[in-house]
Amino acid sequence: NAGVTQTPKFRVLKTGQSMTLLCAQDMNHEYMYWYRQDPGMGLRLIHYSVGEGTTAKGEVPDGYNVSRLKKQNFLLGLESAAPSQTSVYFCASSYTGHPNEKLFFGSGTQLSVL
Amino acid sequence: AQSVTQLGSHVSVSEGALVLLRCNYSSSVPPYLFWYVQYPNQGLQLLLKYTTGATLVKGINGFEAEFKKSETSFHLTKPSAHMSDAAEYFCAVSDPGYQKVTFGTGTKLQVIP
């Protein structure tokens with residue numbers, strides 16, 4: 001009964017380093033999303049995917065790349081981390097992506113860029 | 001474009017008191033509306049949602065919300081606060097023709113014993 005699993009839970013990077021966040025879901029959902037959460041700004045969509053092999057930009061995509069090689073996994077990459085990317089990152093998924101469908105969220109990754 | 005405004009980033013209530021968290025939205029078409037709750041160190045989980053039909057929506061843990069089209073509001077209420085309700089609450093909106101959910105900035109609820 002795992003749902004949406006994110007790894008790692010915490011990470012500290014130095015400016016310029018790279019890393020990949022992994023999101024895995026076991027619910028056979030088509031749609032997957034990456035959000036960042038910053039104080040006073042709510043959740044903002046970084047990138048999303050409507051199915052295996054597809055990705056699309058959200059509202060704050062700069063500095064991030066994503067891949068969805070397998071339906072159950074959605075990877076978020078930071079090629080050259082910047083302090084402005086210090087945030088809590090959430091992965092979410094939904095079955096069909098219909099606008100009235102609820103999102104299932106992972107427990108988040110807290111990233112600090114020094 | 002759709003948007004969500006949550007009035008009050010922090011709300012404090014006494015245990016047993018009424019909880020009222022405010023949410024106003026803008027949307028060019030009748031929207032779908034959601035309330036999500038985030039407990040400390042956890043992801044968001046759905047409390048309730050409005051799609052069509054009855055405008056008073058009941059959710060989990062005794063929460064409910066009423067869709068008021070004339071006021072473009074979807075306020076969240078609970079008659080009697082419990083200590084376990086302390087969390088951050090997010091209102092969200094999506095348009096029927098737009099595959100994207102827009103979240104409000106969140107309201108942190110503190111329950112005072």
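FYI, it's all coordinate maths here, none of it is from the lab. Remember, it's a predicted structure, so these values are computed and weren't measured experimentally. All Cβ positions, glycine included, derive from the backbone under ideal geometry; neighbour counts span all protein chains shown.
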Count of residues meeting criterion [within 14 Å of another protein chain (Cβ to nearest Cβ) and either assigned to a loop (DSSP other than H, G, I, E, B) or more than 25 Å from B:A92 (Cβ to Cβ) (or both)] in segment A:69-114: 12
Some residue of segment B:76-90 being within 14 Å of chain A (Cβ to nearest Cβ) and either among the hydroxyl-bearing types (S, T, Y) or assigned to a loop (DSSP other than H, G, I, E, B) (or both): yes
Considering residues of segment B:33-56 that are of a type in the set (S, T, N, Q) and part of a strand (DSSP E or B) only, the residue nearest to the other protein chains (Cβ to nearest Cβ): B:Q45
In segment B:61-73, the residues that are away from chain A (no Cβ under 14 Å) and in contact with a Leu (Cβ under 9 Å, 6 or more places away or on another chain): B:N61, B:F63, B:E64, B:A65, B:E66
Flag if A:H47 is in a loop (DSSP other than H, G, I, E, B) and crowded, with 21+ Cβ neighbours inside 10 Å: no
Residue ID - surrounded by the most Cβ atoms within 10 Å (Cβ to Cβ), chosen from residues in segment A:50-68 that are of a type in the set (A, V, I, L, M) and outside any loop (DSSP other than H, G, I, E, B): A:V66
One residue from B:K68, B:K49 being of a type in the set (K, R) and within 25 Å of A:S107 (Cβ to Cβ): B:K49
Segment A:1-21: number of residues that are among the hydrophobic types (A, V, I, L, M, F, W, C) and either surrounded by 15 or more Cβ atoms within 10 Å (Cβ to Cβ) or on the phi > 0 side of the Ramachandran plot (or both): 4
